[in-house]
Amino acid sequence: MDPVVTCLADFEALARGALPPATYAHIAGGSADGQTVDANTAALKQFRIVSRILVDCRDGSTRVSLMGEAFAHPMLLAPLSYQRLVHPEGEIATAQAADALDTGMIVSTLASQPLEAVAGVLPRNKWFQLYLQARWDDTISLVRRAESAGYTALVVTVDAPVTGMRNQAERAGFRQPADVVAVNLPATRDVGQIALEPGQSRVFQGAMLHAPTWEAIRRLLGETDLPIVLKGVLSAADARAARDLGVSGLVVSNHGGRALAPSPTAVEVLPEIRQAVGEDFPLLADGGVRRGSDVFVYLALGADAVLIGRPQLYALAVNGALGVARMLRLVRDELELTMALAGCPSVSDIGIDRLRHREVEPSS
Ligand code: FNR
């Protein structure tokens, strides 16, 4: 491994040099001008961590429990589509790293490897990310396959009923390569667009025609015993509605700045969502996690765990499974160091009292 890799940002710099510019733009970019991608990182930078001194950390650990399932650390690999875009083994290599570093992985509906083959690499802590399909039978077929393959939760992504304005990727000329496809979906999954009447909208009566609603979540809850987590919640009212409907957990997320832009960051809304759902309801969050200290900030704001997105693809592009394993090792070591220096031997010691808002820096 290249000795210059000391932190996750180093992987991004190396990947930027190694990947075709359009592929890098597709991964790094967000919706519109990318303002929400930038906001995710900026929001985390507002905080300072207040240390408490002389704390006995000899029994320290990063272990957490999520919906009754034990995890060695409060970081999971976020669902990322089409991982073969950056490495021929794609999701299989990522899963090998997740297994080696005892890290939870959420496998995307849009994976470029069979969901069963990825599950085969992961003995535990594997969740399946579900995009509800236009045809209900296609959705249920994915659910049954995820159940049979041993996935232990379904993460239903609800913030991207249509693709946002991916102007940065468009401008760079990104095109999906013909050999990197969503292998878990039927080749023909279009329900057939009905011709629009004059005056009808390509968005409302077109792309959104088969978009899921709350009714689909209610129906899904009746179809499976797997816990259902909704990913992409940013409003306290939606969080409460989801909990009341019987959803088992939420991911507070703006989809890495790739859906609605501008939208709030998870950092901004997490405290009010925690308050809305209560202390014990499982809450995960994502967007901009690049350091162990970022994980700490999310936990202090009320998350039980975080998801790590783009750094997976950067590390995978640079060095396959070994790269992803190194990336996970770095962020895990950084979290442990941050906890030790802050005087927090366990995740439950990380509370809002450990955060201070940064003073506004005088402009030069
Ligand atoms: C994503 N994300 C995503 N989310 C999801 O639910 N299903 C998916 O298939 C994908 N695919 C995907 C591809 C790429 C290239 C990116 C960058 C993101 C969103 C992802 O799970 C996560 O919410 C964000 O990536 C988190 O932000 P960071 O860590 O990338 O800043």
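The values are calculated or read from the model by the stated rules, or taken from the named source; none is laboratory data. These figures come from a predicted structure and were not determined experimentally. No Cβ is skipped: glycine too gets one built from the backbone with ideal geometry, and neighbour counts run over all protein chains shown. Protein only, heavy atoms only, side chains kept; ligands, DNA and RNA dropped before computing areas. Shrake-Rupley method; radii C 1.70, N 1.55, O 1.52, S 1.80 Å.
Descriptive notes on the structure:
- Qualifying residue in region 201-211 (condition: aliphatic (A, V, I, L, M), more than 27 Å from the chain's Cα centre (by Cα) and open to solvent by 70 Å² or more (accessible area, probe 1.4 Å)): no
- Close contacts from region 254-282, counting a first residue that is free of Cβ contacts under 8 Å to residues at least 40 places away in the same chain and surrounded by 21 or more Cβ atoms within 10 Å (Cβ to Cβ) and a second that is hydrophobic (A, V, I, L, M, F, W, C) and in a loop (DSSP other than H, G, I, E, B), with Cβ to Cβ under 7 Å and a gap of 6+ residues or different chains, come to Val269/Leu234; Leu270/Leu301; Leu270/Ala303.
- Matching strands (runs of 3 or more DSSP E) fully within region 18-75 where at least 2 residues are within 13 Å of the ligand (Cβ to nearest atom): none
- Restricting attention to region 83-96, the residues being part of a loop (DSSP other than H, G, I, E, B) and either closer than 19 Å to Gly287 by Cα or among the hydrophobic types (A, V, I, L, M, F, W, C) (or both) number 1.
- Filtering region 62-80 to residues that are open to solvent by less than 40 Å² (accessible area, probe 1.4 Å) and polar (S, T, N, Q) leaves only Thr62.
- Within region 289-299, the set of residues being within 11 Å of the ligand (Cβ to nearest atom) and either over 20 Å from Arg274 (Cβ atoms) or in contact with a Phe, Trp or Tyr (Cβ under 9 Å, 6 or more places away or on another chain) (or both) comprises Val289, Arg290.
- Any hit, region 115-122, residues being more than 16 Å from the ligand (Cβ to nearest atom), over 23 Å from Val203 (Cα atoms) and in contact with an Asp or Glu (Cβ under 7 Å, 6 or more places away or on another chain): yes
- In region 228-247, the residues that are assigned to a helix (DSSP H, G or I) and away from the ligand (no atom under 16 Å from the Cβ) reach residues that are open to solvent by 40 Å² or more (accessible area, probe 1.4 Å) and among the basic types (Lys, Arg) with C-beta atoms within less than 8 angstrom, at least six apart or across chains, in these pairs: Leu245/Arg218.
Each row is one residue, and each column tells you yes or no for (1) within 14 Å of the ligand (Cβ to nearest atom); (2) under 15 Å from Asp304 (Cβ atoms); (3) outside any helix (DSSP H, G or I).
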residue	(1), (2), (3)
Leu250	yes, yes, yes
Leu260	yes, no, yes
Glu268	no, no, no
Ile273	no, yes, no
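- Pick from region 158-196, criterion at pLDDT below 90, more than 13 Å from the ligand (Cβ to nearest atom) and not basic (Lys, Arg), ranking: least open to solvent (accessible area, probe 1.4 Å): Gly192
- Within region 97-150, restricting attention to residues that are assigned to a loop (DSSP other than H, G, I, E, B) and among the charged types (D, E, K, R), the residue that is farthest from Ala182 (Cα to Cα) is Asp102.
- Each residue in region 151-180 was checked for being part of a helix (DSSP H, G or I) and of a type outside the set (Asp, Glu), and 4 of them qualify.
- Residue count for region 286-299 satisfying the condition of being in a helix (DSSP H, G or I) and buried (at least 24 other Cβ atoms within 10 Å of the Cβ): 6.
- Residue tally, condition within 10 Å of the ligand (Cβ to nearest atom), assigned to a helix (DSSP H, G or I) and in contact with a Gly (Cβ under 7 Å, 6 or more places away or on another chain), over region 300-315: 0
- Enumeration of residues in region 120-138 that are over 27 Å from Met208 (Cβ atoms) and open to solvent by 30 Å² or more (accessible area, probe 1.4 Å): Gly120, Val121, Pro123, Arg124
- The set of residues in region 95-119 that are more than 22 Å from Tyr131 (Cα to Cα), open to solvent by 10 Å² or more (accessible area, probe 1.4 Å) and hydrophobic (A, V, I, L, M, F, W, C) comprises Ala100, Leu101.
- Residue that is least open to solvent (accessible area, probe 1.4 Å), among those in region 139-157 that are more than 16 Å from the ligand (Cβ to nearest atom) and not aliphatic (A, V, I, L, M): Gly150
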